[in-house]
1. Would you work out the relative contact order for the chain, in percent, from Cα pairs under 8 angstrom that are 6 or more residues apart?
2. Counting Lys and Arg as +1 and Asp and Glu as -1, what is the net charge of the other residues whose Cβ lies under 12 Å from the Cβ of A37?
3. Determine the percent antiparallel among the DSSP beta bridges restricted to the stretch 3-246, to the nearest 5.
4. Ratio of Rg to Rh for the chain, alpha carbon only, Kirkwood?
5. For T145 paired with S212, estimate the spin-label separation in nm (one decimal), with each label point 7 Å from Cα along the Cα-to-Cβ line.
6. Let me have the relative contact order for the stretch 60-104, percent, based on Cα pairs under 8 Å that are six or more residues apart.
7. Starting from the 7 Å offset along Cα-to-Cβ, what nm value, one decimal, do you get for the label separation of Y221 and E122?
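What follows draws every value from the coordinates through simple rules; no lab data is involved. Keep in mind it's a predicted model, so treat the numbers as computed, not measured. Cβ: placed from backbone, ideal geometry, glycine included. Neighbour counts: every protein chain shown.
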Amino acid sequence: MATFVLVPGYWLGAWAWDEVAAELRAAGHDVHAVTPAGLAERAGEAAPGVDVDTHIADIVRVVEDGGLERVVLVAHSGANMAATGASDRIPGRIARLVYVDTGPMPSGLAGIDFHDPQARAELEKQVAEEGEGWKIPVPPFDPDTDPDNLAGLTADQLAVMRERGTPQPFGTATQALTRPDPLPATPRTLIATTIPLAAVKAMGEQGHPVFSMMVGPGWTYRELPTGHWPMLSRPRDLAALLGEVAALDPAAG
């Protein structure tokens, strides 16, 4: 059986993984869901200085303090930066890094660099006007304006996301990650949900600066058509895929 460490994306805490974690534990796996500093039950730790390094340290602490080995480290969405950084820092403890509708950024780029100039400017304006200059406000999670990302979510689930969501420290979006050279040879898996795998691979092979990091040796792929939050919209299916990719590493657990 495998040892999983699950890291949520922006605005969410460990609670977002509850159904996935329950499925994995029922299958006999050891599961540790992480709430990064400043979010959910750790909202009191929110501060302008919370950044990618802060969240890397959170993940490393869970792994090292728990004495965890051969970890399947799962990153959803914006957790890609912290999970990638943690895997780079403690590669000997990570059996596989799984990206759920996300992927690694090239060294020297921050999460905000993934946005086009207009979207970046809008985000910076929102943070300045609504987030005291250092917080990304919780979005409205409105399926009328964001149908693709919110596909598969019920009205009740959307209400919970609005109620339990926590402003995201902006430093986690603006701090670049400096990666080692050469990179650790950690096996990686992409579970694509909102972007078809064929499109991901095509953009990678065409040299897109981010998607090019998601093709090549060491990668395996799975597809789970749904919105951007499959841990909520398709938790059983996501748990099944995680169990499947963990089995690719016989020594995991």
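1. 25
2. Counting the neighbours of A37, the net charge comes to -3.
3. On the way: 2 of 26 bridges.
Around 10 percent of the beta bridges assigned by DSSP in the stretch 3-246 are antiparallel ones.
4. Rg/Rh: 0.93.
5. 3.5
6. 48
7. So the label points at Y221 and E122 sit 2.8 nm apart.
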